[in-house]
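Contents: one structure, followed by commentary.
The values are calculated or read from the model by the stated rules, or taken from the named source; none is laboratory data. In this text the structure is predicted, and so the values were computed from the model without any measurement. Every residue, glycine as well, gets a Cβ built from its backbone with ideal geometry; the counts of neighbours run over all protein chains shown. Just the protein is used for accessible areas: all its heavy atoms, side chains included, with ligands, DNA and RNA removed. Shrake-Rupley method; radii C 1.70, N 1.55, O 1.52, S 1.80 Å.
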Amino acid sequence: IDPDSLIGGGYIAWQDKRNSFDYDIYAQRLDSNGTSMWATNGILVCNASLNQSAVDIISSTAINGVILTWKDSRGGNDDIYAQKINSNGTIAWTNNGELIATSPFAQINPNICSDGANGAIITWQDSTVNDWDVYSQKINGLGQVQWQINGVVVSNAIEIQSHPKNIPDGMGGSIHTWQDKRSGFYDIYCHHIYADGSNVGIKENQHKNSSIVYPNPFIDEF
């Protein structure tokens, strides 16, 4: 959908082989009548070497456009990249996208959701030596990663964790779900990653200064 339009419409992104030898990423904005608002046949998002595919997108009024993420093989194996397109169709970040995650092994199946502000949270399936895990990264409206390099662990249980999806938690973090084979069979798991990239809830205040408690002592309310 297009949250920036008062009359509806939407954003669309796709992998495109118009150059006849590998896949690139293109995008288009449509009005409520299905009329293209950007360049005919879409604007180029990424045409780096080798293939770009498995694109996912998110839009919100705070973003004022669309943020895209995709699987990218320009480095020799699949990594995760992202790009923002402003609502007028101009590219906002580094040409051919910002690097979200890279390693000697593959990262695939990216999924993106809003961070509740002008950025996004991206999750993906991340390969290790023997299996797959789930990782996540937060990116702000300037295209800068906010959590540790190459993302935080959502799940690295034994066996395979794959095909992650995520939604906003309303507080700058994200709730993730994925397919998980740790039991020997495929089950569904979920996990909460907070706004700072941690997976631990807010702890109670451990301040020792008793002046912050009123009344002191208290019985049933304070």
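For the range 20-117, the spread of Cα coordinates along the three principal axes comes to 43, 37, 21 Å, biggest extent given first. Here the chain is treated with +1 on each Lys and Arg Cβ and -1 on each Asp and Glu Cβ, and its dipole about the Cα centre works out to around 320 debye. Lysine pairs in the chain whose alpha-carbon atoms fall under 18 angstrom of each other, counting only those eight or more residues apart or on distinct chains, come to 7. Taken along the Cα-to-beta-carbon direction at a fixed 7 Å, the label points for residue 192 and residue 33 span 4.7 nm. Max-minus-min Cα coordinates of the range 1-73 on each principal axis give 39, 24, 13 Å, with the largest extent listed first. Which one, 179, 12, 111, is farthest towards the positive end of the dipole of the chain when Lys and Arg carry +1 and Asp and Glu -1 on their Cβ? Selected residue: 12.
Overall, the accessible surface of the range 1-131 at a probe of 1.4 angstrom is composed of carbon and sulfur to the extent of 49 percent. Sequentially through the range 163-180, phi angles give Karplus couplings (6.51, -1.76, 1.60; θ = phi - 60°) of 6, x, 10, 8, 9, x, 9, x, 10, x, x, 8, 9, 10, 9, 7, 8, 9 Hz, Gly and Pro residues having no value and appearing as x.
Accessible area per residue for the chain, computed on protein heavy atoms with a 1.4 Å probe, is 53 Å². Note: relative contact order over the range 95-204, using C-alpha pairs below 8 Å and six or more positions apart, is 21 percent. Amide H contacts under 5 Å for residue 154: 134, 135, 136, restricted to partners 5 or more places along the chain or on a different chain, H placed in the peptide plane at 1.01 Å from N.
Remark: relative contact order (the range 17-138) = 18 percent; criterion is Cα-Cα distance under 8 angstrom and separation of 6 or more residues. Output the relative contact order of the chain, whole-number percent, from Cα pairs under 8 angstrom with separation of 6+ residues. Computed value for the chain: 11 percent relative contact order.
Summarising the amide proton neighbourhood of residue 169: residues at separation of 5 or more, or on other chains, whose placed amide H is nearer than 5 Å comprise 174, 175. When trypsin sites (Lys or Arg not before Pro) are flagged only if DSSP places them in a loop and at most 13 other Cβ atoms lie within 10 Å, the longest unflagged stretch of the chain comes out as 19-202.
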